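A short worksheet on the structure shown next.
Just so you know, all these numbers are worked out from the coordinates, no wet-lab data involved. Model, not experiment: these values are computed from the prediction. Here the Cβ positions follow ideal geometry from the backbone for every residue, glycine too, while neighbour counts run over all protein chains shown.
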Amino acid sequence: MLKKLSVIALVMLMLLTCSIGIFADEAKEVLKVGITCDNLPFSWEQEADGNAKLVKINDSELYAYGYDVIIANRMANKLGYTLEIVKLDSNDFVNALEEGKVDAVMSGLVNNDENSEKVDFTVPFYYNNVVTLVKADGEYVSAASVSDLAGANVFVAAEYIDCLASIPDANAIEYDDMSAMLEAIVSNECNAAIVNRSYAKAALTTYTELAMLDFYGTDGDYSVPAEQVEICMAVKKGNAELLEALNVELNKLSLGMNKEFTFKNFDSSMHTAITLNPDFIYAEPETASFIDNIVKLWNRFGITYLTGAGTTLLISVVGTFFGCVIGFLVGVVQTIPVDKKRDSLLKRALLNVVRAVMRAYVEIFRGTPMIVQAVFIYYGAQMMFDIKMDMWTAAFFIVSINTGAYMAETVRGGIMSIDIGQTEGAKAIGMTHVQTMMSVILPQTFRVIIPQIGNNFIINIKDTSVLSVISISDLFFSHKAAVGALYTYFESATIVMLIYLTMTMVTSVLLRKLEKKLGGDANYDVATTDTLALTSGTYNFPDKKKTKEDFR
Amino acid sequence: MSEPILQIKHLSKSFGTHQVLTDIDFNVCPGDVTTIIGASGSGKSTLLRCINLLEEPTSGEILYNGNDITAKSVNPASYRSKVGMVFQSFNLFNNMSVLKNCMIGQTKVLKRSKEEAEANAMKFLKHVGMDPYINAKPAQLSGGMKQRVAIARALAMDPEILLFDEPTSALDPQMVGEVLAVMRDLAKSGMTMLIVTHEMAFARDVSSRVVFMKDGVICEDGAPEQLFGNPQQEATREFLSRFMNN
């Protein structure tokens, strides 16, 4: 039993070291750029589909593309770097820049005063200004300013709701579904839609009946804060060299032949991004059924989901295993009996110190959310102690010590639940504390706490979803990627829930089997052929089914 | 008379303010079968547990072959390996088969080889009539069978003295017989035994010496014929008459 465990531990350890090796630092002259991969049409992730400009995402089987990638690629080329794409949640942009995990980030960080204190923003690499979609042959197509839209039935995208006030006598209409809104403009039910430029460009690609009114730079424009319009890259605070180089190249984008400001370059790159998106569905009327969407999602993202599920499972298995190891160590140390007469003062003092530290460990990691621990360890350790951990090591570490904290108490409780007679029986034949623990108490403890280990494993399967804060692409992250591309939230959530449920239920069944196996057979072989031997003492042979152990 | 194997001198034990044993003095010589009788709560079991160091005596000495085992320098584990103990609640290891129960101490503590341990365990399991059940787990056995295995487990360690802590108190009358028969056999074979029991007939027939305890002190101490036939103390008479009337 113990030998088997130690072999498994060794294999796990080797796997861990291998994974550290695989994800070790890369060569130089690389521009690492952080991208969210879930913000159409700026960025998304997909499988290879013949588009030669796709860029492989670091530590992933998938590729990134979108407006962000087009610009990032252009910048890397102009500045003489190899581009590397790192998938990041936009909430982690600032941290990732500060720790040098990426050199620059694309869209996702708003260029406001608060963020400007933490990072340096470039000049805009896109102007996502507010524009108006109208019917190309309608009465409003000639409008030259916002006030010309007076009296129109307008749809306003939620984030620009303030713009409604600048249209005289506007009649606001709401639509749940963007394609329904576009259809409504075509059918003259709605006169105008106030949306941003990238969205309008996407809609126009399919809805040729529509036209885009752009009042940018004129007095008749909507009043929208610049931070909402100007999409900027960001670099680490103080990285003046990179900032300057990027600004020089980005400035070229916004200038036409006569050095005047023009949308031309932005629009053409955006058009490329939109038309190369394999799931471009802005304009497709939403007629697909639930089942169709599921099938579509599965065909497109099946591998993504399964890879995510594999990641989730791997982290849960490794985390639960090492969590159990930690839990047993801590639990055992917490239950070492102290012999005041025979143990030296040094041993007792040392034991007390170790116990205090372990107590603190248990309280801290049981008492704080895993998501906070993840950020604290992954980003914090790098900032404070300059410990560079790749995200896999960090993920294994975080889940292990988190599980360990819970398991420590479980093991302690398990040890205490074993009848004191077992310990006395072992002591009486001269076994030391260590021997008693290893041969008698811990095997029984293990059997008792299997349900709790199962609990922890199932909790881990579900809770690893919070590790997306350190860019782990687990099952939940794959859901976010899929809905970022296809907008089929309900269908994707259904798939993901089914996968989670399958994993947890299979786990439950397997653990029940293990429990039964460790419980032992109901029968035993009588080691004699002499039938007379059976008569003595067997009158009270308990039917195993009726012993109370079976009802535990 | 030979040198005593066990000498208990002025032994006292208290749990907090509750004095359980007061100034206990007595010796056990090799080959002695000593039974300790007395009412429940008189301190018999505590005395036995002190002798095996499962309880730390508050004061006094316990000399084992002349050495004080309550001294700091004594390692309780290696001392206990020479002193077998059989419990009222059997305390067989629930996670091991009958055979494994009898082998584990030999292999782990005495460092015997697996083959030697198994042969030795089989010898004693045969002796107590439990050899057909070597593959059974304790939960599958009756109380009497468990206690016989427990005795075999203690014997397999080749102890110099065996302590029995009310070995039949948790058994129903039918099973008491099978355990007492094994103990009778042991006594005949010359094993040194110290037995706490409520089985008066057994104490009278088997022991070479009977100790009567009351309220944590030894009240009377003598040969069974004398203690049962002609008790000197009023307390002993009272206890025995109550027992015989039941």
Checklist entry - Helix A:240-253 sits at what angle to the longest principal axis of chain A, using alpha carbons and giving 0 to 90 degrees rounded to 10? => result 40
Next on the checklist: Counting only other chains, and only Cβ atoms inside 10 Å, what mean value do you get across the residues of B:76-84?
Outcome noted: 4
Next on the checklist: Please report the net charge: other residues with Cβ closer than 15 Å to the Cβ of A:Ala165, K and R +1, D and E -1.
Outcome noted: -4
Item to check | Principal axis dimensions, the range B:115-246 - Cα atoms, whole angstrom, descending | outcome: 54, 29, 24
Checklist entry - For chain B, what number results from the quotient of the Cα radius of gyration and 2.2 N^0.38 Å? => result 1.01
Item to check | Fully extended contour minus Cα-Cα distance, from A:Tyr361 to A:Ser187, at 0.36 nm per residue | outcome: 56.1 nm
Item to check | P(r) histogram, all alpha-carbon pairs of the range B:1-141 included - 5 Å bins from 0, percent | outcome: 2, 8, 15, 17, 16, 15, 13, 10, 4, 0
Checklist outcome for this item: By the Kirkwood definition, with r running over pairs of different Cα atoms, the range A:375-455 has a hydrodynamic radius in Å of 15.2
Checklist entry - How large is ³J(HN,Hα) for each residue in the range B:56-73, as worked out from phi by the Karplus curve 6.51 cos²θ - 1.76 cosθ + 1.60 (θ = phi - 60°), to whole Hz, x for Gly and Pro? => result 8, x, 6, 8, x, 10, 10, 9, 10, 6, x, 9, 6, 7, 7, 5, 4, 6
Checklist entry - Can you name the helices of chain B, as whole DSSP H runs, whose Cα span along the helix axis is 18 Å or more and whose Kyte-Doolittle mean is not below -1.0? => result B:143-156, B:173-188
Checklist entry - Summing -39500 (n - 2.57) over the DSSP H runs of n ≥ 4 in the protein assembly as shown and dividing by its residue number, what mean residue ellipticity at 222 nm do you reach, to the nearest 500 deg cm²/dmol? => result -15000 deg cm²/dmol
Checklist entry - Over 30 Å between Cα atoms, which of A:Lys56/A:Lys236; B:Lys108/B:Lys214; A:Lys427/B:Lys9; A:Lys252/A:Lys296 qualify? => result B:Lys108/B:Lys214; A:Lys252/A:Lys296
Checklist entry - In the range A:130-223, what is the volume of the convex hull around the alpha carbon atoms, normalised per residue and reported in Å³? => result 84
Checklist entry - What shape does the protein assembly as shown have by the C-alpha gyration tensor, where a ≥ b ≥ c are the square roots of the eigenvalues, rounded means a/c under 1.5, and otherwise prolate means a/b greater than b/c and oblate the rest? => result prolate
Item to check | chain A: angle of helix A:2-22 to the longest principal axis, Cα-based, in degrees nearest 10 | outcome: 20
Checklist entry - Considering the dipole of chain A built from charges on the beta carbon (Lys and Arg +1, Asp and Glu -1) around the Cα centre, which of A:Thr132, A:Ser492, A:Met178 is farthest to its positive end? => result A:Ser492
Item to check | Listed residues B:Gln232, B:Gln140, B:Gln174, most fluctuating in chain B (Gaussian network, C-alpha, under 10 Å) | outcome: B:Gln174
Checklist entry - Which FRET efficiency, nearest 0.05, do A:Ala226 and A:Met416 yield, Cβ-Cβ r, R0 56 Å? => result 0.30
Checklist entry - When the C-alpha atoms of the range A:179-322 are aligned to their principal axes, what extent does each axis show, in angstrom, from largest down? => result 63, 53, 27
Checklist entry - Using the count of nearby Cβ atoms within 10 Å as a rough guide to exposure, how do A:Tyr207, A:Tyr65 rank from fewest to most? => result A:Tyr207, A:Tyr65
Checklist entry - Given the convex hull of the Cα atoms of the range A:168-210, what is a quarter of its surface area in nm²? => result 3.3
Checklist entry - If you take all C-alpha pairs in the range B:107-165, what percent of them are over 19 Å apart? => result 30
Checklist outcome for this item: The relative contact order of chain A, taking Cα pairs under 8 Å that sit 6 or more residues apart, comes to a percentage of 16
Next on the checklist: Just to verify a number: FRET efficiency for A:Glu515 and A:Met383, C-beta to C-beta distance, R0 = 60 Å, to 0.05?
Outcome noted: 0.85
Next on the checklist: Compute a Gaussian network model of chain B, connecting alpha carbons closer than 10 Å, and tell me which residue from B:Gly177, B:Gly229, B:Gly16 fluctuates the most.
Outcome noted: B:Gly16
Item to check | Per-residue ³J(HN,Hα) for the range B:5-12, Karplus 6.51 cos²θ - 1.76 cosθ + 1.60, θ = phi - 60°, Hz, x for Gly and Pro | outcome: 7, 10, 10, 10, 10, 6, 6, 10
Checklist entry - Which value in nm describes the separation of the simple spin-label points at A:Val353 and B:Asp205, placed 7 Å from the Cα toward the beta carbon? => result 6.2
Checklist entry - For the range B:109-200, which trypsin sites (Lys or Arg not before Pro) are in a loop by DSSP, counting at most 16 other Cβ atoms within 10 Å? => result B:Lys111
Checklist entry - Straight-line reach from A:Lys462: which aspartates and glutamates have Cα under 16 Å away, leaving out those fewer than 8 places along the same chain? => result A:Asp474
Checklist entry - Tally Lys/Arg at +1 and Asp/Glu at -1 over every other residue whose Cβ is under 12 Å from the Cβ of B:Asn120; what's the total? => result +1
Checklist entry - What list do you get for A:Lys347, A:Lys135 if you sort them by fewest beta carbons within 10 Å? => result A:Lys347, A:Lys135
Checklist entry - Taking R0 as 51 Å, what's the FRET efficiency between A:Asp137 and A:Lys462 from their Cβ-Cβ distance, rounded to 0.05? => result 0.40
Checklist entry - What is the magnitude of the charge dipole of the protein assembly as shown about its Cα centre, with +1 placed on the Cβ of each Lys and Arg, -1 on the Cβ of each Asp and Glu, and no other charges, expressed in debye to the nearest 20? => result 4840
Checklist entry - Roughly speaking, what is the stretch gain from A:Glu29 to A:Thr262, that is 0.36 nm per residue apart minus the C-alpha to C-alpha distance, in nm to one decimal? => result 80.7 nm
Next on the checklist: Give me the net charge for the shell around A:Thr507: Cβ to Cβ below 12 angstrom, other residues only, Lys and Arg +1, Asp and Glu -1.
Outcome noted: +3
Checklist entry - Which three extents, in whole angstrom, do the alpha-carbon atoms of the range A:293-519 cover along their principal axes, largest first? => result 71, 47, 22
